[in-house]
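The values are calculated or read from the model by the stated rules, or taken from the named source; none is laboratory data. Quick caveat: nothing in here was measured; it's all calculated off a predicted structure. Neighbour counts run over all protein chains shown; Cβ positions are idealised from the backbone, glycine included.
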Amino acid sequence: MIGITSVNLTAQTTYPVGIFAKITDTQTKTSLAFHTYLDELKSKPEVISAQPAFPGAQSVALQETMFIKLQGSANYAVFGENLKASGHFEEVTIEYVPALTCDPSSQSCPDPSTTLEPSECSSPVNFNDPGTQCTRHIERMELPCAWTESNGSSDVVVGVVDVYFDNSHPDLTGKFLSISGDCREESATSSHGYATSGGVAAIRNNGMHVAGAGGETKLRGYCVGGGDCGLLPTTSLNTLAWEAYLDGVDVINISYSSNSWNREMIAEIVEGGTTVVVAARGDSHQEIADIDGVINVGQLTESGNYQRYDGGTPDENLDIAVPILNLHRLTSPLVDFSGYGSGNTSMAAPYVAGTIALMRAEAPCIPPAIIEKILKETSNNIPNADEPSDQYYAELNGAGALNAYQAVLAAKSFQSETLLVGPNETVIIENDVRSFKKVEVDPLGKLVIINSQIFMDEPDPSSHKTGFFTVKRGAKLIFKRSTVTAACRNGMWGGIRVWGNNDREQPDVWATVGEDEVLDYNVPVTTDDAGMVLFDIGTKITRAKRVVGTRSDAVPYAIQVDRRGGLVAGKGATFIDNGRVGEFLQYPRPSGGYAFANKSRFVLCNFKETSEETEKGIGFTIWDTDGITFDHCTFREFDHESIVAFDAKINITSGNVFFKSEEYTTGNRSRIISAVSTYPFSGGLNIGGVNNDPNIFNYAARRGAMIHSYGQNSFDATIVTECEFNSKYVGEGSISATGIYLEGPADYNISSNSFNSTANRIVGTITGRAFDTGVALNNTGVNELFSFSRISCNDMDDFYTGVRTSSNNSFVEILSNDFQEANRAIRISGTVNEKQGSEGRPAGNCFDSTVDTRISTTGTVSPFRYYIDETLTMPCEMPETSTVFEIKETPNNENNCNQNRPPLPNPGSKEGIKQARSNAFANLSANPTNEQYQDEYQEANEAYGHFFRGMIKSKLLEGEVNQAINYALEINAKEFPYELFGTYMQLGRYNDAEALLNATSLTDKKTLDFKAIQEINLEYLRDTNTYVLSPKNFELLDAISLEGTANSGYAKGLMLLTADRRYSVPELEEDVPKIASVVTEETEQVLVYPNPSNNTLFVELPNSLLEEGKEATIQIISVVGRVVHEEKLYNFYSRHSIGLNNIEAGTYFLRILPQGKPQCVKKITIIK
């Protein structure tokens, strides 16, 4: 009987199966114009589908690639040209897949060769599969010996991409976990998919047909469609390979060819831990065959001689070859179950895939690149392959014949190595693949890794160095065009620890070559200098728990503190799916009074999170070290912050781009940058684009804030200039982001930014706004000394409220902003600067006709004056009349947008400034209603605060510690001496700071709260390594945080630092929160317990509490009386469930108010 099998692809015509279209850039992808175009595209009759080609991809290029499927009658070439002409796509590729021919197979069984070499093992496994017994192919691969070492595992899965599969073949019974793709019944007579599947995992020793290589290995099938004798393929090989990867298979076997493999897609599959095995066919895999971890398999005759797939075309980039020509293989059960035929590379690849499955069964964490290395190193020689004169030398050089036995033995014995780079030793790893247990670089040692793949073991709790690089003082670790990742597919390696010197300035590692800045590998260092880690161009770091930390572990705390200050620099490197990219600790030592700052810097780097495995990922945490800089970097999709800084001033210069999509947010606690201070006069945030090269924030999330700041009131603390804040409208009636949120004492200049959402709105009818608020202020003016604070010259478009103030913001001026498409341009509650503008300088805000309310006031508002141009030539600058503020006309002599922050006064002007303040106070005291004296006193206060705050900061930066303290001591503080306290804290003089707390006789709530917060802070600072926030202190800080009072910002900052606790950004709906009546003492009538599996709270209600037909109200109330959840109960339930997804961690009261019965109260603590 003659069966039909499909093994020959060479001479066949190819057919289009889809179009890959790379979107021009992310801005195009999120634009209204593109989404309109895409909707029109999908509606075309010839379009079957248009969707993301590679969902879940890490690479931006893959994320921005669409796959467009057309009807069979469509003209793909013309359609592709139209896509190119649209301007939305920078690259358009039509994928063509060949239809398979019909080659006959027979049921004959030729006599096995008698020239077989002896087996390499003493007792090879016997098998009784008649088809396999007909030839000696299995023995020549040394598979019977390999099976003595491994029978495979059902936990290992090979994905087979081929024409057709089903579960009906008796030699594949129970092997397929799933089959997907275009598995049309018309293709069921095709044998190609059965043949390749059988090579991987046909059941061995069952007395029928053939023996596959993989033993107990399982399969997943992915149907291309088409089949024998004229049926056309219908499915993209690229998308099927990606589907297999997302399904988590260990190996993908592709005994097929495409005209255009997506190299970036295959590289991401391999880097993700899946080995790709392809059947060699001339140059058909030239785009991918040289990727480490892609195994390109050639064919050998039964006697072991190489034979090209197509006699006239070299097989490029061969890795391994298999004696496969003329063997038995499975065929379609509709034709026959197996048959004898040519085989070709289509059958060579699956035997390699099955062998890899045996290796993975014994060593699950061997990565694909190491598998390729082992296969080559354990292979047998191919006759004449090492002879330069041989006609096949060019294509066989470096390749070998599969030896499955030696490959499995090598896998079983494989162990990651330990690398120690000694003092004054230089080690270069170049063009290599290595797997390490741990790496240490000693002082003055240098490790350079170029164009290589490095795999790291997971950390071992019993050995603190396992899974880590350790870079000691004076040592260098340099990466260029290299990849570092975890050895296990779903594992995480530890990261890099780099030691510094807390009392020494870091080396300069940047050099200028022409007009370019480059990393200087050869900067001279001593054993006292900081260790350095340099991530140079083309480096990619993935799946580290913490990529780099400036710390040393497992040594006494004092030594850990001494070793802070490791130097880290990056240029053109990429960091993907790491638990944390960088952790920078306090440097230099505060008590040293040093004038130098941290020189760590990142230029043109990419940081992103794409995987659920790194949920709650953070880009950088920076604690008490100033100077770290980011320049032209891209941050994407971190669940929490891209950058979070505690008591540290960071620099985000120009050209940085931040992305956050709705699916990567944590509700109204989301933010891109958090910059917080836990004590006065610390920290800062400098974000400023220059030369028309702005920093860009793209935020498509519901609620939350792009920039989130607590308590940053050092001189010139927060500067945000020339940035673009883009908020995407995400749904009907929804509220999205707040651009900038500042809470607690602050010193800020927010100017020349754009807040825009219109270009990103993709929903037609507007019932909501993309921006909740452009800039929101809450208690930024509670410090006694004046802080220069402005919101000026910003362009704000499409929001509920442009600028929103709550409580005391007594220093802020809101000047020369342009407001469009707003419900309310400026909404004021509480106190703002009593002069918005001044004589000769109008406020200058312009309110477009699309603004519903120009300036609104709510609650208790302190009176202020609002200055307008007396010529009244700009109607848009006129606000509504109000009984709260006075509108005053004035000449327009100054432009707010041309004003810079006042320079620091000369130190010699101190006495004059003090005297002017004293005189102004005397005049105002005698004439409290005199407007001129009011202005003079305000100006004198401003000059006084500006001078002393500025001089303290200036002297600290210069290392003039005693002078800084003297200026702080000289401040005539009516309240607690906050500036002096903050100066002591910055200098590490914790005993002096504590003495101030103990010495104060003030008993007002503001002072007592501050004292309580800072007592906790001092306890933390004295041993950050072992400190654990107690439940009592958690509850205390949480209560102050939720009160929204003067010190809530410091409390929130300390909660974020010590408990990783994030608080919501207040929204407009929360301006007047629902406050519960007084909560009585806790009662015991109700039982409460959590259900962590679905994040709910179960409440057991006693029978006496509710009656049939009676209703009750159930509330969850914060410790300050805010109702955070409320619902009605209308019937009797013995158990009630409350969802906690929208309720933050903290301490609350659960209160039940039954109709006609006493309330029931239970105190609860929610921990997340």
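Data for the structure
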read-out: Filtered residues of segment 524-543 (kept if in a loop (DSSP other than H, G, I, E, B) and either among the hydrophobic types (A, V, I, L, M, F, W, C) or surrounded by 18 or more Cβ atoms within 10 Å (Cβ to Cβ) (or both)); value: 525, 529, 530, 531, 536, 537, 539, 543
read-out: Some residue of segment 471-483 being closer than 28 Å to residue 368 by Cβ, of a type outside the set (Lys, Arg) and assigned to a loop (DSSP other than H, G, I, E, B); value: yes
read-out: Residue within segment 322-339 that is surrounded by fewer than 24 Cβ atoms within 10 Å (Cβ to Cβ), in contact with a Phe, Trp or Tyr (Cβ under 7 Å, 6 or more places away or on another chain) and of a type in the set (Ser, Thr, Tyr) present; value: no
read-out: Qualifying residue in segment 330-341 (condition: in contact (Cβ under 8 Å) with a residue 24 or more places away in the chain, of a type in the set (Val, Ile, Thr) and outside any loop (DSSP other than H, G, I, E, B)); value: no
read-out: Enumerated strands (runs of 3 or more DSSP E) restricted to segment 382-469, each holding at least 1 residues that are at pLDDT 95 or above and among the basic types (Lys, Arg); value: 433-441, 446-450
read-out: Matching entry among 546, 504, 551, 497 (being assigned to a strand (DSSP E or B) and farther than 28 Å from residue 245 by Cβ); value: 497
read-out: Selection count where residues are out of contact with any Gly (no Cβ under 7 Å at 6 or more places or on another chain), aliphatic (A, V, I, L, M) and surrounded by 18 or more Cβ atoms within 10 Å (Cβ to Cβ), scope segment 400-428; value: 7
read-out: Contacts under 8 angstrom Cβ, first residue in segment 980-992 being among the polar types (S, T, N, Q), partner part of a helix (DSSP H, G or I), 6 or more apart; value: 983/952; 983/956; 983/964; 983/965; 983/968; 986/590; 986/956
read-out: Entirely in segment 95-205, the strands (runs of 3 or more DSSP E) that have 2 or more residues that are at pLDDT 95 or above, on the phi < 0 side of the Ramachandran plot and buried (at least 18 other Cβ atoms within 10 Å of the Cβ); value: 157-162
read-out: Given (1) modelled with pLDDT under 90; (2) touching a strand residue (DSSP E or B) at 6+ places or on another chain (Cβ under 8 Å); (3) crowded, with 24+ Cβ neighbours inside 10 Å, index of the condition residue 284 fails; value: (2)
read-out: Given (1) closer than 26 Å to residue 153 by Cβ; (2) crowded, with 24+ Cβ neighbours inside 10 Å; (3) within 34 Å of the chain's Cα centre (by Cα); (4) touching a residue at least 60 places away in the same chain (Cβ under 8 Å), index of the condition residue 236 fails; value: (1)
read-out: Checking residue 360 against (1) basic (Lys, Arg); (2) more than 36 Å from the chain's Cα centre (by Cα); (3) outside any strand (DSSP E or B), the condition it does not meet; value: (2)
read-out: Residue within segment 1025-1036 that is at pLDDT below 90, part of a loop (DSSP other than H, G, I, E, B) and closer than 23 Å to residue 742 by Cα present; value: no
read-out: Conditions (1) modelled with pLDDT under 90; (2) buried (at least 20 other Cβ atoms within 10 Å of the Cβ); (3) hydroxyl-bearing (Ser, Thr, Tyr); number of the one not met by residue 65; value: (1)
read-out: Strands (runs of 3 or more DSSP E) wholly inside segment 807-912 containing at least 3 residues that are in contact (Cβ under 8 Å) with a residue 40 or more places away in the chain and within 46 Å of the chain's Cα centre (by Cα); value: 818-832
read-out: Residues of segment 688-712 satisfying the condition of being touching a strand residue (DSSP E or B) at 6+ places or on another chain (Cβ under 7 Å) and more than 20 Å from residue 772 (Cβ to Cβ); value: 688, 689, 694, 695, 711, 712
read-out: Test: residue in segment 520-527 that is hydrophobic (A, V, I, L, M, F, W, C), more than 23 Å from the chain's Cα centre (by Cα) and modelled with pLDDT under 95; value: no
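Listed here are the residues, each with its yes/no results for (1) in contact with a helix residue (DSSP H, G or I) (Cβ under 8 Å, 6 or more places away or on another chain); (2) part of a loop (DSSP other than H, G, I, E, B).
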| position | (1), (2) |
| --- | --- |
| 207 | yes, yes |
| 210 | yes, yes |
| 216 | yes, yes |
| 219 | yes, no |
| 244 | no, no |
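Residue-by-condition table, conditions (1) of a type in the set (A, V, I, L, M); (2) in contact (Cβ under 8 Å) with a residue 60 or more places away in the chain; (3) within 26 Å of residue 543 (Cβ to Cβ):
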residue: 255; (1), (2), (3): no, yes, no
residue: 259; (1), (2), (3): no, yes, no
residue: 262; (1), (2), (3): no, yes, yes
residue: 287; (1), (2), (3): no, no, yes
